[in-house]
Amino acid sequence: MRRRTVLSALALAALPTAGCTAPDEPDATPTSSATTAPASSEPPSAAPTSSATTAPASSEPPSADEPPARTEPTPDDPILFVLSNETGSERTVTLRLTRNDQTFVDETVALDAGDSREYDSGVRSPGQYELLARVEDGPERTMTLDIEAFDVTNGSNHFVSVAADEVRVYWEE
C-alpha cells in the first residue's frame, strides 16, 4: 500500500531534523563573533544571548468570520474504488458514483474470475455520494457513502466485491 510507504518515509525523514528549531523559534545556538573579549577575572554574566522573544501560540479557535481550512486532496493517494470479481466465472459489472447531478465514476466492465479493476474517483470534496454496483443478470447494491475531509486529504480505498449472490462494499482509510 502507498500509505505504508509514505508513513515509513515520514518516520525516516524526521531523524535528520532532530534537535533543529522550529521556524518561529529563535536560534538557541550562540554564534561566534569576529572579535574576542579580553580575559577577565570576573565571572561571566547571566545575560541572555538573544533579545528576540516569541509570542505564545494562540489556542483560540478561528472566529466565525474566518473561512474554514481548505481541504486539499493528495494526488498520490486519491479516493479509489476497487471492483473485484470473487466468483468462478466472468461477470459484467456496472459501477457508478454520483453526487447530486455530477457523476464521478461510471464504468461497465467484464471481469474474469478473480480479476479486479481500480478506479480513481476524482472526488475532491467531502459530502454524501451515491454508489451503485450492478451485476448483469445478478445482484445489485446501492448505498450512500459519507466521504469526509480526512478521506479527501489522505485518500481512502473503497472495495466493491462481487460474489455469486451479493455485492459487498467495504473501505479503509
Next item on the list: Please indicate, with yes or no, whether at least one residue in the stretch 109-122 is assigned to a strand (DSSP E or B) and free of Cβ contacts under 8 Å to residues at least 24 places away in the same chain.
Entry: yes
Notebook entry, point to check: With 102, 128 as the choices, which residue is surrounded by fewer than 15 Cβ atoms within 10 Å (Cβ to Cβ), in contact with a strand residue (DSSP E or B) (Cβ under 6 Å, 6 or more places away or on another chain) and of a type in the set (S, T, N, Q)?
Noted result: 128
Next item on the list: Go through 140, 136, 173 for me and flag whichever is in contact with a Phe, Trp or Tyr (Cβ under 8 Å, 6 or more places away or on another chain), surrounded by fewer than 17 Cβ atoms within 10 Å (Cβ to Cβ) and not basic (Lys, Arg).
Entry: 173
Next item on the list: Return the pairs, sorted by first residue and then second, in which the second residue is in a loop (DSSP other than H, G, I, E, B) and modelled with pLDDT under 90, the first residue lies in the stretch 141-161 and is farther than 20 Å from residue 86 by Cα and small (Gly, Ala, Ser), the beta carbons are less than 6 Å apart, and the residues are 6+ apart or on different chains.
Entry: 149/71; 155/74; 155/77; 155/78; 156/173
Margin query: Of everything in the stretch 74-108, what is in contact (Cβ under 8 Å) with a residue 60 or more places away in the chain, over 16 Å from residue 167 (Cβ atoms) and part of a strand (DSSP E or B)? Give them in sequence order.
Written below: 79, 80
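The values are calculated or read from the model by the stated rules, or taken from the named source; none is laboratory data. Keep in mind it's a predicted model, so treat the numbers as computed, not measured. Neighbour counts are summed over all protein chains in view; Cβ atoms, including those assigned to glycine, are modelled from backbone coordinates with ideal geometry.
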